[in-house]
Amino acid sequence: MVASVADEPPAIDAALVRRLIGAQFPQWAGLPLEPVRPAGSDHVIYRLGTELSVRLPRHAGASGQATKEFEWLPRLAGELPLAVPVPVGLGEPGFGYPWPWSVSRWLKGEVATVEALASSAEAAVGLAEFLTALRRFAPAEAAAVAGRGDLAGAPLAERDGATRAAIAEVAGAFDAAAMTELWQAALDVPEGDQSRTWVHGDFHTGNLLVDGGRLSAVIDFGEFGIGDPACDLTIAFTLMSAGSRAVFRAALGVDDATWLRGRGWALATALNAYTGYAAVDPRVAAQTTRQITQALIG
């Protein structure tokens, strides 16, 4: 079947972004515009002047994130111990671009790296405190955001078929027997309705910022919602060493069942990214290889 024009991802460049800003936010039309690289797989990001950023979804799967973040992040910002992006404008489709997009306050810092933070007990405690505060966030409208994200709303078991297929696909690069054993063990631990809390939903190294050598911000809340808190334990396997992971687990008070599910989430999400992007993106290949390896270690 030949794809229609509507199926093609929109071409996003500086000219389009300038037209959108000029038409919808003329107060910022004269500010310098620079692409932010590397950007994620879901969004194109531009820095707008020195104080703002523009974030535009690349594909339909991310098309609801701007609206959700515009609604929730200003409320979250006052409840959390680390900075989060605060949207100051919600853009509308225009000039052939089909989805809502956002303008947010620029957050200082660089993307966190294993080299900078893997052994940091301070960072491990800071991340545990962030998740603890996030789980306490409980507005009356909780049900309105529940399940909006793929990770936030779906139980681990829904990833079973895709994860087993990915294990078979990468069997030459990783220990398939060990991955299968871990995956089955994670599935065998019941989640239970009582364990569902507020979650970031995409809590990995690429969504953390460091400023002055210290953890400073958490970004990308597109998967934010109500879900299994174990999904946010992925950060322990993307960023931390064995020592800082133990500090993180103790500070967060994670029981054995939740930790095992967290290893399962880390394995499943890493395999998904590895099979999708590792062949074309060495950065993703390195990150997901580490995540798989650390999840197997525990």
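Where a number appears in this text, it was derived from the coordinates with a stated rule and is not lab data. Just so we're clear, the structure is a prediction, and the values are computed from it rather than from any experiment. All Cβ positions, even for glycine, are placed from backbone atoms using ideal geometry, and neighbour counts span all protein chains on display.
Excluding Glu51 itself, what net charge comes from residues whose Cβ is under 12 Å from its Cβ, given Lys and Arg +1 and Asp and Glu -1?
Taking every other residue near Glu51 into account, the sum is +3.
Ordered by packing density, taken as the mean number of other Cβ atoms within 10 Å over each peptide's residues, highest first, how do 259-267, 240-248, 107-115 rank? Please list the in-between numbers first.
On the way: 259-267: 24.2, 240-248: 18.3, 107-115: 14.7.
The peptides rank, most packed first, as 259-267, 240-248, 107-115.
Calculated FRET efficiency, Val36 and Asp188, Cβ-Cβ r, R0 51 Å, to nearest 0.05?
Numbers: r = 42 Å, r/R0 = 0.82.
Computed FRET efficiency for Val36 and Asp188: 0.75.
Can you classify region 187-298 as rounded, prolate or oblate using the Cα gyration tensor, where a ≥ b ≥ c are the square roots of its eigenvalues, rounded means a/c under 1.5, and otherwise it's prolate if a/b beats b/c and oblate if not?
Working: a/c = 1.41, a/b = 1.22, b/c = 1.15.
Verdict is rounded for region 187-298.
Please give, to one decimal in nm, the separation of the simple spin-label points placed at Arg136 and Val86, each 7 Å out from Cα toward the Cβ.
2.0
Let's test the formula: R0 of 51 Å, r as the Cβ-Cβ distance of Ile297 and Ala11. What FRET efficiency results, to the nearest 0.05?
Values: r = 43 Å, r/R0 = 0.83.
Calculated value: 0.75.
Which shape class, rounded, prolate or oblate, goes with region 196-240 when its Cα gyration tensor gives a ≥ b ≥ c as root eigenvalues, a/c under 1.5 marks rounded, and past that a/b bigger than b/c marks prolate?
prolate
For Arg75 paired with Val280, estimate the spin-label separation in nm (one decimal), with each label point 7 Å from Cα along the Cα-to-Cβ line.
Taking the simple label geometry, Arg75 and Val280 are separated by 3.7 nm.
What does the charge add up to near Phe221, with Lys and Arg as +1, Asp and Glu as -1, over the other residues with Cβ less than 9 Å from its Cβ?
-3
Tell me, how many Å apart are the Cα centres for region 19-41 and for region 154-229?
Between the Cα centre of region 19-41 and that of region 154-229, the gap is 32 Å.
Can you work out ³J(HN,Hα) from phi for every residue in region 210-223, in order, using Karplus 6.51 cos²θ - 1.76 cosθ + 1.60 and θ = phi - 60°, giving whole Hz and x for Gly and Pro?
So the J values, rounded to whole Hz, are 10, 10, x, x, 10, 4, 10, 7, 10, 10, 6, 9, x, 9.
Can you tell me the dipole magnitude for the chain around its Cα centre, using point charges on the Cβ only (Lys, Arg +1; Asp, Glu -1), in Debye to the nearest 20? Walk me through the numbers on the way to the answer.
Details: 23 positive and 33 negative charges, 124 e Å.
In total the dipole reaches around 600 debye.
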